[in-house]
DNA sequence: GGAGTTGTTTAGGA
DNA sequence: TTCCTAAACAACTC
């Protein structure tokens, strides 16, 4: 479920706990979600620590606590954050619950494709500080995009846009939306683009990222009907630009929707 | 019961 | 060696 804007939406759901101490940590230590986590250290350190701040980077979140404690979260397909009452009892999918005096901060993920990470230290962990620039940051330049396309010249555009090391935050629906805006077929090989195409793709990336953050992040609202998003899952869905029937196929290993008329092969 | 799901990692092939 | 693809992970819905 969560891409750039959805992750940002979930981040703010724990804002109500900022500045407050964690009194009790409950977790399902044996679950796959903790495969990279020292759960004993997490429980020991976060108990009594106060939540200081949070930040999103693409599909990833980092929460900073007092006691030099850092909590990293990834959502996979079905992860989410919620705030519940102080007496909340975790169900089988609520893998991590930080109990504060007035609320419980809940991380749930039914499929457990997500990830919980814990770090202790004066500075953010390496797996956070080494992330490449997100697509909405000033560092994501046209030259950087050109370089990424060159590096994966033989892969289809759709597959390249989904690579988090190059395009942090872009997921399946955003990739389709971007390619539709740029009028480029998802099946085009990345190395086939000329400078005009690269510029169109860059502009579409910026526009879709900014639009998603503006529309989706504050309240999880759907984008307007002028976006491909609203038509991509409908049977018989039509292109909001020219009204022709949308195409659907697996590209780059993922279900992909595009307009065969206005997206250049 | 089978197919599909807004994600990532890994094994194996080209 | 490097890069790309398909399968696997786990649980739910239609």
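Side notes on the structure shown:
- Chain A - percent relative contact order, Cα under 8 Å, separation 6 or more: 18
- The angle between the Cα long axis of helix A:172-182 and the longest principal axis of the Cα atoms of chain A comes to about 30 degrees, rounded to the nearest 10.
- Per residue, chain A reaches -7500 deg cm²/dmol at 222 nm when only DSSP H runs of four or more residues are counted, each adding -39500 (n - 2.57).
- Peptide packing for A:188-200, A:214-226 was compared via the average number of neighbouring C-beta atoms within 10 Å per residue; ordered from the highest value, the list is A:188-200, A:214-226.
- Taking every C-alpha pair closer than 8 Å and separated by at least 6 residues, the mean separation divided by the residue count of the range A:40-153 gives a relative contact order of 22 percent.
- Global geometry of the range A:1-47, whether rounded, prolate or oblate, following the gyration tensor of its Cα atoms and the 1.5 cut on a/c: oblate
- Acute angle (nearest 10 degrees) that the helix A:195-215 long axis makes with the longest principal axis of chain A, alpha-carbon atoms: 40
Values in this text are rule-based calculations from the coordinates and carry no lab data. What you see is a predicted model; the values in this text were computed from it and never measured. Neighbour counts run over all protein chains shown; Cβ positions are idealised from the backbone, glycine included.
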